[in-house]
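Comments concern the structure below.
The values are calculated or read from the model by the stated rules, or taken from the named source; none is laboratory data. The shown structure was predicted, so the numbers you read here are calculated from the model rather than taken from an experiment. Here the Cβ is made from the backbone with ideal geometry for all residues, glycine too, and neighbour counts use every protein chain on show. We work out accessible area using only protein heavy atoms, side chains counted, and drop any ligands, DNA or RNA first. Shrake-Rupley method; radii C 1.70, N 1.55, O 1.52, S 1.80 Å.
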2 protein chains.
Amino acid sequence: MKTTVKYHQGDPWRLSEAAFDPAYLGKYEAIFTLGNGYLGTRAATEESYVGEKRDTFVAGTFDRFNEDEVTELPNLPDVFGLGITLDDNPLNLAVGEVVDYDRSLNLATGELTRRFIWEVADHRYQFESSRFVSLAKRHVLGQRIRITALDQPTQLLLTAGINGQVTNTGTQHFNDDVKRLYPGNILQLSTKTDQSQINFVITSGHSLQTEAEVGTVKTEMLRRKLISTYPVSLAVGQTITFTNLTTIYSSRDRDVTYPDIASLRELGLKRTTNLQTVGYDALLEESGQAWQDQIWRGMPIQIESTDVKDALAMNFARYHLTVMTPAHDPRMNIAAKGLSGEGYKGHTFWDTELFMLPYYIFTYPKIARSLETYRFLTLGGARRKAADNGYRGAQYPWESAWIDDGETTPVWGATDIVTGKATKIWSGFIEQHITADVAYGINEYIQATGDTDFADAMGYEVIIDTARFWASRLEYNQKLDRYEICDVIGPDEYKEHADNNAFTNHMAKWNMQLALTLISELHEHRQATYQRLDQRFDLVALAAEIQSKLSQLYLPEPNDEGVIPQDDAYLSKQTLDLSAYLKEDQVGSLFDHFNLEQVDNMQVTKQADVILLLFLFEKHFSQVIKRKNWDYYEPKTTHDSSLSLLTHSIFAADLGDQALAYQFYQRARDIDMGPNMFSSTDGIHAASIGGIWSMTIFGFGGIRYLDGRLRVSPHLPKAWTKLAFQLWWHGQKLAFEVTHQQVTIKNLTGTKSVSVDTDHGVVDVPENTAIAINLA
Amino acid sequence: MKTTVKYHQGDPWRLSEAAFDPAYLGKYEAIFTLGNGYLGTRAATEESYVGEKRDTFVAGTFDRFNEDEVTELPNLPDVFGLGITLDDNPLNLAVGEVVDYDRSLNLATGELTRRFIWEVADHRYQFESSRFVSLAKRHVLGQRIRITALDQPTQLLLTAGINGQVTNTGTQHFNDDVKRLYPGNILQLSTKTDQSQINFVITSGHSLQTEAEVGTVKTEMLRRKLISTYPVSLAVGQTITFTNLTTIYSSRDRDVTYPDIASLRELGLKRTTNLQTVGYDALLEESGQAWQDQIWRGMPIQIESTDVKDALAMNFARYHLTVMTPAHDPRMNIAAKGLSGEGYKGHTFWDTELFMLPYYIFTYPKIARSLETYRFLTLGGARRKAADNGYRGAQYPWESAWIDDGETTPVWGATDIVTGKATKIWSGFIEQHITADVAYGINEYIQATGDTDFADAMGYEVIIDTARFWASRLEYNQKLDRYEICDVIGPDEYKEHADNNAFTNHMAKWNMQLALTLISELHEHRQATYQRLDQRFDLVALAAEIQSKLSQLYLPEPNDEGVIPQDDAYLSKQTLDLSAYLKEDQVGSLFDHFNLEQVDNMQVTKQADVILLLFLFEKHFSQVIKRKNWDYYEPKTTHDSSLSLLTHSIFAADLGDQALAYQFYQRARDIDMGPNMFSSTDGIHAASIGGIWSMTIFGFGGIRYLDGRLRVSPHLPKAWTKLAFQLWWHGQKLAFEVTHQQVTIKNLTGTKSVSVDTDHGVVDVPENTAIAINLA
């Protein structure tokens, strides 16, 4: 595979673009995305190319273009695009020669740098640029570029500004706008989303440092665009340094006191003026320090491997998790592509609970709480969805955006190659396991943290109201005298309208069972909470209903061959040898040959489905059953979803097959960071990036929290000599150090003893003491 | 000036781009615009470049993005953009070598062709493309491209489709849409404007002819976009010919019976399927024939000049007048940039009456009637505007769009470089002469055609109701005991809030005087019309009011130096030597140095103002006065409006200064067609293009219609040996042939004698006889 991605031996903090190719714009725009959870901006190059996607998003600022579309995260006006013309040659690396090209993301500091020498018309120019989004000051973006004329006097025209002509793939969310030019080369654009009426103010302060002669600066206000032109006469060897310090504020920000447009404009002008006093270097330094304090030194993770990419992957994952997660505001959640692209419109899926939440529960429990508080805040939409579908309780949206939006899954998707028509996206209607997934995430958070404050105020209500949904959802099958769940989509989205999807039925059962246990516990031990919830839900009647239905709920169990049927029909469908399709580089290639209806009629699975069930409920199934289902389903799985490989890696590690686990790990690790130049175009894969942590800590580290117990049972791959990490458990910060020989656990907080399950039985880790467990 | 525009000696029908430079995209996109008055499409190249503007407009289909914007002509999904990749090299003429480049517009047939050889990675490929918009079938667009691998086997990937991700400079007017793929490689996209709810259906039929091996064609439906990919394995010397025949229908079309979206989709599919049977060559041939029949042979104009550009300019002008004019529908009018760009949003200005209408009155009187019927149909908006401003009668919008829209001038414009704020556009409020200009155009049409049917049904009502506006508009100045018109903008838009602008006051007077004469004539000779209008307007009272006010209306007259003051303040303002600013290539450069307020306080004029007054009312002023005002005002005029030079050229010819007239003619002729590579980026200059005809026929040909009389008084420039043209006058088609020695007039219709004023007195041109007049 042709690739320009470069890794650095001995340096797990740097990821590079080794050569520029305009065919690969999207790859680096996505994987080099800068951000801080409040805002994210794709790493479009300074100069423009056909096919670039110049996206900047502020988390949670959803807007809906019109009634035919669903709400999406709107693409804000761009501030990083520059026009650079050298003696009438516009900077364009497809033209002339490019020497010493390097673009690198420093994961440790969040700085993106780029340098190269451009030879055009027999002359050479040196470029160096730097860019960051501050982790210390969430509204701040910085950009600096240096251009040197190496061998001839040159007329340089540099244009910079604020460009609101960008769209979301042609969809415009913003009003035309108020543009202002202030003294000191400060440009300001105020605008507003059309439907959601969110005010935005973008204020850029420019400065130019050079010994060269600078002509008259001209600022134009065009439609949706302000642009300043800086004409510079560079003598040989002279350099200009152009700096752009920008602030972005919106009326949705909780740290803004007065959200009206006039106050926001005043604020933006004041803050940007301040930034110019502080200067680029100090702001970059401050942001790098925040990365050190909050992420790298705050919760270190160390991997010693023969392949630098393994440690790099963990840093890459944690970098992107930080960039994508709106930790500052519980009204927001993580999008399936983070803030790195327009894919999935900034919406939140079950990915949060299944694949990103574990990282936060163990690493930043406060952020985990914020993510699950979001689910509490979206209860209104979930209740509306249940009612709209004729159910009771809370039915969570498959895709979730702003807390008031309810279901935001688009109704129409890609073309059916046989009929020529757009296919209907059924997920918003019948991919119902999301409701149990949310309850699952909330329970995991409560179990791992013991956060009774959250549980009483928010978590229990969600668990009970989702169980209430399931109770109303079950369908009675008179012939078989049992309850069933028909016409759903399970995790394997290639099977639309499945009956009794094993994953869904088991999750529904678990959800109802949890509520039942909870109701009884609350009644016994937490009367105040019980009373409050009882007034809302009539818990006695609800518990009786759940109890009665649960006993008759059909759960697909292993058949004679030990295989759990994915759904009622799966095992009787025709089989297909997938090997021909799995060789191709891109996912979804099966659909070049078959339409969804045809795939629906084959034993072909998109992603971990039964395997995911076995992973989540590991204690309920024997190793023999797990291995049999792996042998049956894995060869039938296309792994077309980025959620699949990571589950298979952890599952293989659980099965004790480290070599296989490492193979899947490598494939999952490389989805975004690897050499495939087209996998990340629409944005990075948030779940897969969460999975890099899960595969490492859950899979190889063998950490798990099961029924309120912490477990460690490491399976380090051969290539690794050491894995060291820290995690929080019930308010205690624990440090783990895993080698092939032993695992050491130390309680760093040391205010209480922690009990851990190991392969050698229960181990108590007392206060301030390290415990070593041999793995022989 | 660096330029790539190429003219062809001996061929006044061909205009070429001699070399490709991506810096000049906008120039050729605009001047090579294809269209037929129903639709227009900028000539964006097949392959895409940064900075391109890929616009397609259907006349009259205005939409308003939201309440902060004004209505504009929305940019339709593009069908001409292609993706072309040759062995992984995307076609990009900034890369590699380009040999034998030529892009030419054939004005005679409306065919745009392009050819070149592209050398990349040591291999050569030949390209030939052809494109047209049918003049015979107004819904039809055609495109054909041939690619030959000259020296090596090549994997070609060709992508073509319908791309609705385009916007109006970032503003999206269309809903996301229904996309369909039909058998036979027919792609269809249905969409709708958001506010005006106009349905559109675009249907493209692709076909591929080649002896080479074609792989599996794949069609993707993306957001706002359908795209088919054709993979071809070209052997050495093999060629593919790709043809795209497209239809566009909208629910606004008067030739569509059922405008609902389902019927439109059916219609589009049926018609596009038909086109594929007819074939590209036959459709192109049919369209070329329509150009011959309707334009070139129907109303020939012949210029014999030492400079081929003079004859070329007339063909260029008539080509663009045909492309820009929605002659098929009186609910539409000509936009200031035609259908060739987003400048002025597709709006209609006084340009129509002053600068395009004369061509149509004399060449296609039916189209002239349609253009003035539009003004009748917009009376509602004009009456609303008058009422909103506290006046009576009809006050025409400065900018006019759909017949119901009323005033559509945007309120905010470019930046004030001193204050940093956007400047207010006052034209929509106080550039009031437009109301008299409309009456002027309508009167000209009636005078030159004798179309009493139009006059009775529509024209007289406009003349009377505009006079009614003026009567209510006049302000009484007690101190001077006279009526004045204060706080207006005249043709010189650099003088905002002028009092007693000479042009405005004279036009208002003329408008009121015309109504007075008309009321009296109608009373005497056309009682039915009189009765109908009397019931509406109470003509006796209105006539009395007009009569009384008119006698006291202040009209700026020549002062002691013979100079007519442009307004009350102009002559007392400071003067500025303009020579420094007029050297610069681009218009408006004065505003890099002064803001509007500063320019307002100087004796600087944007465009013909007093000169225009003297031109329109030539009989009212002596040659001496005309010359004195020329000497005074011309050196103070920046000609920043494209309406200025043409008026000066005609005026200089009227003064008998052919050399000067020819100088201005050349400058005006070259505004779009000339070597300036940046003047046409936002679209061609419709008025200036109308002016090419006016300068030729009015200026050099000396034709004028004054007070109902046709006059000929030629002033051929030295470079010209002959000018032959035809025109309609009161239902008679007259042929004029002008040389330096004589003018010959022949009545081709020959059903009645025509009386013509000449320098030698009145000449009668009898039926079917040629009359020669010596010019000695």
Of all residues in segment B:64-83 being outside any loop (DSSP other than H, G, I, E, B) and within 12 Å of chain A (Cβ to nearest Cβ), which is surrounded by the most Cβ atoms within 10 Å (Cβ to Cβ)? B:72
Criterion: modelled with pLDDT under 90 and either outside any loop (DSSP other than H, G, I, E, B) or of a type in the set (S, T, N, Q) (or both) - qualifying residue of A:590, A:571, A:646: A:590
Quick check on my filter: what residues within segment B:184-210 are within 13 Å of another protein chain (Cβ to nearest Cβ) and among the aliphatic types (A, V, I, L, M)? B:186, B:187, B:189
Determine, yes or no, whether residue B:171 is in contact with a Phe, Trp or Tyr (Cβ under 7 Å, 6 or more places away or on another chain), touching a residue at least 60 places away in the same chain (Cβ under 8 Å) and either among the basic types (Lys, Arg) or within 7 Å of another protein chain (Cβ to nearest Cβ) (or both). yes
A careful count of residues in segment B:47-59 that are open to solvent by 10 Å² or more (accessible area, probe 1.4 Å) and more than 14 Å from residue B:341 (Cβ to Cβ) gives 3
crowded, with 24+ Cβ neighbours inside 10 Å and either more than 26 Å from residue A:53 (Cα to Cα) or free of Cβ contacts under 8 Å to residues at least 12 places away in the same chain (or both) - does that describe any residue in segment A:666-684? no
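Per-residue answers, yes or no, for (1) surrounded by fewer than 19 Cβ atoms within 10 Å (Cβ to Cβ); (2) part of a helix (DSSP H, G or I); (3) within 12 Å of chain A (Cβ to nearest Cβ); (4) among the charged types (D, E, K, R):
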{"residue": "B:6", "(1), (2), (3), (4)": "yes, no, no, yes"}
{"residue": "B:30", "(1), (2), (3), (4)": "no, yes, no, no"}
{"residue": "B:45", "(1), (2), (3), (4)": "no, no, yes, no"}
{"residue": "B:61", "(1), (2), (3), (4)": "no, no, no, no"}
Being under 19 Å from the mean Cα position of the chain (by Cα) and aliphatic (A, V, I, L, M): is that true of residue A:687 here? yes
Restricting to segment B:383-411, what's the tally of residues that are open to solvent by 20 Å² or more (accessible area, probe 1.4 Å), more than 14 Å from chain A (Cβ to nearest Cβ), farther than 17 Å from residue B:346 by Cβ and hydrophobic (A, V, I, L, M, F, W, C)? 1
Which residues, taken from segment A:87-122, are in a strand (DSSP E or B) and either within 13 Å of another protein chain (Cβ to nearest Cβ) or free of Cβ contacts under 8 Å to residues at least 12 places away in the same chain (or both)? A:89, A:90, A:97, A:98, A:120
I need a count of the residues in segment A:430-463 that are of a type in the set (Asp, Glu) and without any contact (Cβ under 8 Å) to a residue 60 or more places away in the chain. 1
Any chance segment A:14-26 includes a residue that's in a strand (DSSP E or B), away from chain B (no Cβ under 12 Å) and open to solvent by 30 Å² or more (accessible area, probe 1.4 Å)? yes
Of everything in segment B:471-496, what is in a loop (DSSP other than H, G, I, E, B), open to solvent by 20 Å² or more (accessible area, probe 1.4 Å) and farther than 21 Å from residue B:387 by Cα? Give them in sequence order. B:478, B:479, B:480, B:481, B:493, B:496
I'm told residue A:125 meets every condition in (1) open to solvent by less than 30 Å² (accessible area, probe 1.4 Å); (2) within 14 Å of chain B (Cβ to nearest Cβ); (3) more than 21 Å from residue A:206 (Cα to Cα); (4) not charged (D, E, K, R) except one. Can you identify the failing condition by its number? (2)
With a cut-off of at least 3 residues that are open to solvent by 20 Å² or more (accessible area, probe 1.4 Å), within 14 Å of chain A (Cβ to nearest Cβ) and under 22 Å from residue B:78 (Cβ atoms), name the strands (runs of 3 or more DSSP E) lying wholly within segment B:211-320. B:218-222, B:225-234
Out of segment A:158-168, which residues are at the interface with chain B (Cβ under 9 Å from one of its Cβ atoms), closer than 14 Å to residue A:225 by Cα and not small (Gly, Ala, Ser)? A:163, A:165, A:166, A:167
Among A:508, A:448, A:502, A:515, which is in contact with a helix residue (DSSP H, G or I) (Cβ under 6 Å, 6 or more places away or on another chain), surrounded by 23 or more Cβ atoms within 10 Å (Cβ to Cβ), over 17 Å from residue A:430 (Cα atoms) and among the small types (Gly, Ala, Ser)? A:515
Which members of segment A:650-665 meet the condition of being hydrophobic (A, V, I, L, M, F, W, C), touching a residue at least 12 places away in the same chain (Cβ under 8 Å) and part of a helix (DSSP H, G or I)? A:650, A:651, A:652, A:653, A:659, A:661, A:664
All but one of (1) in contact (Cβ under 8 Å) with a residue 40 or more places away in the chain; (2) in a helix (DSSP H, G or I); (3) touching a helix residue (DSSP H, G or I) at 6+ places or on another chain (Cβ under 9 Å) hold for residue B:630, so report the exception by its number. (1)
Can you find a residue that is aliphatic (A, V, I, L, M), out of contact with any Asp or Glu (no Cβ under 9 Å at 6 or more places or on another chain) and touching a residue at least 40 places away in the same chain (Cβ under 8 Å) anywhere in segment A:345-357? yes
If you go through segment B:485-514, how many residues are among the charged types (D, E, K, R) and closer than 17 Å to residue B:571 by Cβ? 3
Checked B:246, B:239 against criteria (out of contact with any Leu (no Cβ under 7 Å at 6 or more places or on another chain) and polar (S, T, N, Q)); the one match is B:239
Unique match (being surrounded by fewer than 23 Cβ atoms within 10 Å (Cβ to Cβ) and either more than 14 Å from chain A (Cβ to nearest Cβ) or not in a helix (DSSP H, G or I) (or both)) among B:436, B:414, B:467, B:455: B:414
For residue B:218, state whether it is at pLDDT 95 or above and out of contact with any Gly (no Cβ under 8 Å at 6 or more places or on another chain). no
Out of everything in segment B:348-382 that is of a type in the set (A, V, I, L, M) and over 19 Å from residue B:729 (Cβ atoms), what residue ends up being most open to solvent (accessible area, probe 1.4 Å)? B:377
What number of residues in segment A:55-87 are under 19 Å from the mean Cα position of the chain (by Cα) and of a type in the set (D, E, K, R)? 2
With the condition kept exactly as written, say whether any residue in segment A:532-541 is within 30 Å of residue A:626 (Cβ to Cβ) and touching a residue at least 24 places away in the same chain (Cβ under 8 Å). no
